[in-house]
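Accompanying notes for the structure given below.
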Amino acid sequence: MTNFVETSKSRNAKRTYTAIADVATFAEAVASFAADSTMGLTRKEKSAETYKAKIIYFDENSDEKGYVNLYADDQTQYENMTTFLEGAVASEAANGENHGGASRDSTEDTWSAKFSCSLGEDTFTVTITREYMLINGFEEDATLAAVETWADTVAALGGTAE
């Protein structure tokens, strides 16, 4: 009989922080991670990016007429589409040109970027969201320490800016 042999011990770690206030600050944090060389990562590839918003349409009496959930795979699409869907023309079309309005509570928007990474032989993913950062599938303490040390320098991710 052949037995399974354990080949790795996968670990996960999550860092929560105050929700990032705006998409530009989020994009800066993601770009900073992508450009960083201090962690010593031997591989760092962005594998996914998601932006979500909800636009609610109201009639002239402020009664909700419907809503649109917006999903975009990059910041530019997200910004262009939210601006368009909140605009007067889109709002009037959605409300039968009865002079209603559109509204979006941007504090409810969500954004995330996921990276496939390696540090030496340790392969793992890093996900940065509006409210937390997640490291999935790492094995080595050095991996956690490298990513955490970097995150400690980014104010938007709960660290103190350099």
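The values are calculated or read from the model by the stated rules, or taken from the named source; none is laboratory data. What you see is a predicted model; the values in this text were computed from it and never measured. Because the Cβ atoms are built from the backbone with ideal geometry, glycine has one as well, and the counts that use them run over all protein chains shown.
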(Q) Cβ-Cβ under 6 Å, sequence separation 6+ or interchain: first residue in the range 113-141 and more than 17 Å from GLU49 (Cα to Cα), partner part of a loop (DSSP other than H, G, I, E, B). Which pairs? (A) SER118/THR42; LEU119/LEU41; ASP122/GLU139; ASP122/GLU140; GLY137/SER10; GLU139/SER8; GLU139/LYS9
Q: State whether the residues of the range 67-74 include one that is at pLDDT 85 or above, assigned by TED's automatic domain parsing to the domain that holds ALA145, touching a strand residue (DSSP E or B) at 6+ places or on another chain (Cβ under 7 Å) and among the polar types (S, T, N, Q).
A: no
Q. Picking from TYR57, TYR17, which residue would you name as being of a type outside the set (A, V, I, L, M, F, W, C), closer than 19 Å to THR129 by Cβ and surrounded by 15 or more Cβ atoms within 10 Å (Cβ to Cβ)?
A. TYR17
**Q.** Entirely in the range 11-86, the strands (runs of 3 or more DSSP E) that have 2 or more residues that are of a type in the set (Phe, Trp, Tyr)
**A.** 43-58, 64-72
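State yes or no: is SER37 under 20 Å from the mean Cα position of the chain (by Cα) and either loosely packed, with under 13 Cβ neighbours inside 10 Å or among the small types (Gly, Ala, Ser) (or both)?
no
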Q) Can you tell me how many residues in the range 109-162 are of a type outside the set (Gly, Ala, Ser), within 18 Å of the chain's Cα centre (by Cα) and either assigned to a strand (DSSP E or B) or farther than 19 Å from ALA29 by Cα (or both)? A) 16
